[in-house]
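Taking it in order: structure first as C-alpha cells, then the write-up.
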Amino acid sequence: MKNASARLAMAERRAPGDPMHRVVEDLLARLEPIESYWAFPGRITFERLKSMFDEGEFTSLAHTVARTTRALMSDSYRSRHVHVLPTEDEEDDEDRSDTADERARARPYFEVMIVDDLSPHQEYTLKRSLRDKRRAEDSFVYESVVVGSFEDALIGVLFNYNIQAVVIRYGFPYTSRHGLPMLTRYLNRLGDESFEDLPPEEYGVSLAYAIGKLRPELDIYMVTDQSVEDIAGRVCDNCRRVFYNQEDYMELHLNILRGVNSRYKTPFFTALKEYSKQPTGVFHAMPISRGKSIAKSHWIKDMGDFYGMNIFLAETSATSGGLDSLLDPHGPIKQAQEVAARAFGARHTFFATNGTSTCNKIVVQALVKPDDIVLVDRDCHKSHHYGMVLAGAQVVYLDSYPLNEFSMYGAVPLREIKHQLLNLKRAGKLDRVKMLLLTNCTFDGIVYNVERVMEECLAIKPDLVFLWDEAWFGFARFGPTYRLRTAMHNAGMLRERYQTGEYRAEYEAWKKEFDKADPDKDSTWLDRRLMPDPDKARVRVYACQSTHKTLTSLRQGSMIHIHDQDYKAKVEEAFHEAYMTHTSTSPNYQIVASLDVGRRQVELEGFELVQKQVEMAMVLREKVATHPLLSKYFRVLTPHDMIPDTYRESGIEAYYEAGKGWNDIWEAWARDEFALDATRITLLIGKTGLDGDTFKNKELMDKYGIQINKTSRNTVLFMTNIGTTRSSVAYLIEVLVKIATDLDERMDDSSPVERKLHEKQVTSLLEDLPPQPDFSRFHDAFRAKGTQKGQGGDTPEGDIRTAYFLAYDDENCEYLGLDDGSLDAEMAKGREVVSSTFIIPYPPGFPILVPGQVVSAEILKFMRALDVKEIHGFRPELGLRVFTEKALKTAAKK
Ligand SMILES: Cc1ncc(COP(=O)(O)O)c(C=O)c1O
C-alpha cells in the first residue's frame, strides 16, 4: 500500500483516457486482495476508494490516499484512530471510534484475524462487538480483520505481521476467491500435506495446525459447533482455548489480551525495574550500584550523565530482593529462560553473559569426555578449537568446500561427514564418536540442510550429539523459510517424525532395499539418502546463538538452546558443572535483562522484523544489479557463486536477476543441500582494484563511517539485521555510487601506466588467488596408537590438547622463518614441520594451522599469498613457532 499510494495520489490529475488512469486502475486491482488482510485502512475503506475512482471523484481519492499513506508511513494508525475518509463518508468508516481514551491510545497495538465466511453486515457487527469490549484498563488495543477461507487465513498470517491472535470459527470454505499465484507457493512451504481434500469439518483443526507451522508464536482460539471436548483433544499446542458455538465476546476479548500478555511479560526485566525502585542500602561489593561511587565523585560525573541513572540503579550484586541468580535460578531468571525456550522452540534454554564463545565451550565440556571423538568443521569459530583443547577431545577436522575465487570457504558437504563417520565405523571406533559440530549459518551465509544432515548421520550413529553453532542464526526462527533450517525446529520435527507409524513403515521399506546392497561398499552409504532406525535414533541437539549479533541484546548476550532426549537422564549434572566452569559468578544483570526483552520482541514482532530485514537485503541486491555504475565495479555474489551446482538441486542461480526479477527461493530452502542466507550480502569488489581490507578501512570506514567486519581478498560482507532501515540501505547505496564515481573519474584521469597497474591489480584480485588449503593432518605424535596407516584403521582424529600443552614448554619449540628460507630448507630435507600454535589470519578468522598440525606446502603458499596484516599466532620477525624434532619424538613415545 505504501509504495502504491504515491502513484495512486496522482490520480487526481488524470482523465480516463490518460495512460495514468490505467495504471491507477491496475494498482487498485492489485491492492484489493492484499488490503483485505489488513485492519487498516480496512476492506470497507478500500471499497470506498475504489468507488471514488469509478465515479471520478479523483480529488477525494487523492486526499484519502494521501491520508492513508501518511498514517501508514508514520505508523500513527497504531496509536490513534485515523480518519482517512472525507467527512461525509464518516458514517461508513469502519474504524470509527468514539471514546476519548481510544483516540489517545498509547498502548501497544495489534490485529486479530477472524476466520469466517461472513456478509459485510455480519462482519461489521462482529468487529463492533469485539471493539465494544475494550476497557480503559486493557494493556493493549487491537483491531480485527476478517478473512473468509482456509487459504485466506494462511495468506493473512503470512502477509500481515500485525496479527498476534487468530480466531478460527466454523463453516468457512477452503478456497480463496483471490486466485493469487503466490498462494500455492506459500502453501507448498507447509510440506507434503494436502489440506484441500479434508472434510470441511476438519478445516478448523487443520488450519490451526498449519498456522502453527508458519507462525508458532501466534495464539489461536477456536470456535466450534462440534463437541468442544473432542476438538480440544486434537488441537495443537498453540491453541489457547476452544469456545462452543456463539462465543462470549468478553471472554474472547480477555483471552486475546491475556495471550498477548504472556508473550509481552518479561520476568527478569520487570523484576530488575522493580528492584531499581526500591530504597536499598548497599553494604556489599559494587560501589557503582545505585550510582553511589559516581554521584559522590568529583571526577567521573560525566559517566553518570552519559549513561543516565537507571543503569546504575539496576546494577547490583544482590540475588535476592526479587532478583535471582543466573548460576542457580529459581525466580525471574528461571522464568525468563523458560519463556525463551518456548520462543525458540527448545526444551531448555540457558542464558549466557559471555557470548557464544562461552556457550560453545559449555556445551562441549558438558558432553565430551577426554578421548571422545568429535567431528568439527575446520573453519569453525576459534572457541570450538579451544573447547576441544579443554575437553581433551580427539578431533576429526572436516573440510568445507573451498571457494577459491573469493578466498573463502563454503561449508562441509554431507558426503564428507558421512565418509568420515563410515571410516570411523569401519575402524571400530563409532562408539567413541560423540559429537558433530557445525556452523549454521556460516559467517558468509551458507546454511546447512539441518534435517538431512541429522537424519543421515543418525542412520550411521544413532546417538550422535549435534552442536549447531547458530551464533549468526538467532533470528532464523522468526522467518518461516529460515526456520526450516534451524536446529531446534528440526529437533522437534524429527522427534515427532520418529514416533509415527508412517515413518516406521517408510523406514522398513527403505531398510529392505538397503539390506540388499553391499555394506562394505562406500557407495551403499554415500550414494543414497540414509534413514535412521526409529527404535534406535535419539534426538540430541544443542544450538548456541549470539542473541546480541542478530537480535536485540546487549553485547555478549547469548543463549544455549537444548532439545536432547537424554538431557535429563545423562547430561543435566555435567551441563550444570560445565555451566559453572565457564560462567562468571558476577554475571551482568543488564545483559540478562536485555536477553529477556529481546525474547519479548521476537515473540511479538520477530516475524515482521525478519521479513523487513530480508526486504532490505533484496533492495540492496536489486540496486547493485540494476544501477549502471554500481554494476560496473561491484557484483553481489549469488547462490550460484557460493554454492556449487551439486549442492543446489533446485537449480536456483540467483535471488535477483537484472531483466528477470526475483526468483522463488522456497523450493531451494526446502530441498537443497546448502542455501544462502539472503540477509548477508557478499559484494565482489575485485574490479575496483582494491582488496577487501583496504576497501573496508580506507573507503567505507575512513571516508564514509560505514562499519563492516568481514572481508576476503576480493569481497566485503554487508550484513543486514533487524535494525537495518531503509535510510541506512539508501546511504550505503549512495556511498557505493560515490566510490564508483570516484573510481571512474580517477580512471579517466589516469596515465596509460597507471591504467596498466590498475588492470594488473584487478587481475591479481580476481584471478591470481591461492587455493584455500585443506586441513593437512595431525602429526603421528598426536595420533592415538592404531590410528596411523597400516595399524588397522586410517582415521584422522588427533589429540589437540597434548599438542597445545606441549608448546607451553619453550624448550619443545623453535622458530622457522617464513621469509629467510629456513622453513623451506627444513621441509626440503624431508622434515615434518609441525605447528605448535594456532595460526589465525584475519580474515578469514579461523586457524589455518592448529597445534599438532603438519605444515603443508599448500598452507605455506596460502600464507605467503595472504595480504592481510593481522595473523594471530604468527610473528613475522621470528617465523612460525613449531615443535622441535626432539619434542615430537618424546611425545610419540608416550
Ligand atoms: C560462528 C561463530 N561462533 C561463535 C562466535 C562467538 O560469538 P560471541 O561473539 O557471541 O562470543 C562467533 C563470533 O564471531 C562466530 O562467528
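The values are calculated or read from the model by the stated rules, or taken from the named source; none is laboratory data. All values reported here derive from a predicted model rather than from experimental measurement. Reconstructed Cβ throughout: ideal geometry from the backbone, glycine too, with neighbour counts over all protein chains shown. For the accessible areas, the whole protein counts, side chains as well, though only heavy atoms, and no ligand, DNA or RNA atoms are used. Shrake-Rupley method; radii C 1.70, N 1.55, O 1.52, S 1.80 Å.
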Checklist entry - In degrees from 0 to 90, rounded to the nearest 10, what is the angle of the helix 450-460 Cα long axis to the longest principal axis of the chain? => result 50
Checklist entry - Counting Lys and Arg as +1 and Asp and Glu as -1, what is the net charge of the other residues whose Cβ lies under 14 Å from the Cβ of THR638? => result -4
Checklist entry - Given labels modelled 7 Å from the Cα in the Cβ direction, how far is it in nm from VAL737 to ALA66? => result 2.7
Item to check | Between 0 and 90°, nearest 10: helix 203-214 axis offset from the chain longest Cα axis | outcome: 40
Checklist entry - How big is the Rg/Rh ratio for the stretch 667-783, C-alpha atoms only, Rh by Kirkwood, two decimals? => result 1.09
Item to check | Protection proxy ranking, peptides 354-361, 699-706, 612-619, average beta carbon neighbours within 10 Å, highest first | outcome: 354-361, 612-619, 699-706
Next on the checklist: Past 28 Å, Cα to Cα: identify those pairs from LYS549/LYS698; LYS50/LYS660; LYS521/LYS894; LYS521/LYS893, in the order given.
Outcome noted: LYS50/LYS660; LYS521/LYS894; LYS521/LYS893
Item to check | chymotrypsin sites (Phe, Trp or Tyr not before Pro) restricted to the stretch 229-301 and DSSP loop, no more than 13 other C-beta within 10 Å | outcome: PHE283, TRP299
Checklist outcome for this item: Taking 821-829, 320-328 and ranking on average Cβ neighbours within 10 Å, highest first, one gets 320-328, 821-829
Next on the checklist: Checking a compactness column here: for the stretch 194-321, what do you get for Rg(Cα) / (2.2 N^0.38 Å), N being the number of residues?
Outcome noted: 1.81
Next on the checklist: Given the stretch 496-580, report the % of alpha carbon pairs whose separation exceeds 15 Å.
Outcome noted: 72
Next on the checklist: Rg over Rh of the stretch 314-460, using C-alpha atoms and the Kirkwood radius, what does it come to?
Outcome noted: 1.05
Next on the checklist: Defining a contact as two alpha carbons under 8 Å apart and six or more residues distant in sequence, what relative contact order in percent does the chain show?
Outcome noted: 10
Next on the checklist: Rounded, prolate or oblate for the stretch 204-270? Axes are the square roots of the Cα gyration tensor eigenvalues, ordered a ≥ b ≥ c, and the cut-off for rounded is a/c under 1.5.
Outcome noted: oblate
Item to check | Per-residue SASA entry for GLU605, accessible area with 1.4 Å probe, Å² rounded to 10 | outcome: 70
Item to check | Extension reserve of the HIS284-LYS760 stretch, reckoned as 0.36 nm per residue once the Cα distance is removed | outcome: 164.8 nm
Next on the checklist: What's the magnitude of the charge dipole for the stretch 608-668 around its Cα centre, counting Lys and Arg as +1 and Asp and Glu as -1 at the beta-carbon? Answer in Debye, nearest 20.
Outcome noted: 380
Item to check | Rg/Rg_ref, the chain, where Rg_ref = 2.2 N^0.38 Å and atoms are Cα | outcome: 1.04
Next on the checklist: Once R0 is set to 51 Å, what does the formula 1/(1 + (r/R0)^6) return for the Cβ-Cβ distance between ASP54 and ARG258, expressed as a FRET efficiency to the nearest 0.05?
Outcome noted: 0.70
Checklist entry - Ordered by residue, what ³J(HN,Hα) values in Hz, to whole numbers, does the stretch 588-595 give under the Karplus form 6.51 cos²θ - 1.76 cosθ + 1.60, where θ = phi - 60° and Gly and Pro are x? => result 7, 5, 5, 5, 4, 5, 5, 5
Checklist entry - What are the extents of the Cα atoms of the stretch 395-462 along their three principal axes, listed from largest to smallest and rounded to whole Å? => result 39, 22, 17
Checklist outcome for this item: Counting all Cα-Cα pairs in the stretch 249-291, those more than 14 Å apart amount in percent to 66
Next on the checklist: Using alpha carbons only, how many angstrom separate the centre of the stretch 127-177 from the centre of the stretch 656-727?
Outcome noted: 38
Checklist entry - Helix 120-131 versus the longest principal axis of the chain: what angle, 0 to 90°, nearest 10, using Cα atoms? => result 70
Checklist entry - What are the residues whose amide H is under 5 Å from the amide H of ARG635, where those residues sit 5 or more places off or on another chain and H is modelled from the backbone? => result LEU684
Checklist entry - By how many nm would the segment from MET701 to ILE311 grow when fully extended, if each residue of separation counts as 0.36 nm and the alpha-carbon distance is taken off? => result 137.3 nm
Item to check | Built amide H within the under 5 Å cut-off of LEU849, gap 5+ | outcome: ILE839
Next on the checklist: Between LYS894 and LYS277, what's the calculated FRET efficiency when r is the beta-carbon distance and R0 is 56 Å? Round to 0.05.
Outcome noted: 0.35
Checklist outcome for this item: Any lysines whose Cα falls less than 17 Å from that of LYS301, other than same-chain ones fewer than 8 residues away, would be LYS292
Checklist entry - In the stretch 688-716, which residues have a backbone nitrogen under 14 Å from the label point lying 7 Å from LYS632's Cα in the Cα-to-Cβ direction? => result 688-689
Checklist outcome for this item: Pseudo-spin-label distance ASP248 to LYS301, built 7 Å along Cα→Cβ, given in nm, is 6.0
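If you restrict to DSSP beta bridges whose two residues both lie in the chain, what percentage is antiparallel, to the nearest 5?
50
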Checklist entry - For the stretch 567-616, what ratio Rg/Rh do Cα atoms give with a Kirkwood hydrodynamic radius? => result 1.21
Checklist entry - Which links in LYS429/LYS512; LYS612/LYS738; LYS425/LYS710; LYS133/LYS265; LYS632/LYS710 stretch past 28 Å when you go from one Cα to the other? => result LYS425/LYS710
Checklist entry - Once fully extended, how much extra length lies between ASP744 and ALA569, figured as 0.36 nm per residue of separation less the alpha-carbon to alpha-carbon distance? => result 56.4 nm
Item to check | Among PRO587, TYR409, ALA491 the positive-end extreme of the charge dipole of the chain (Cβ point charges) | outcome: PRO587
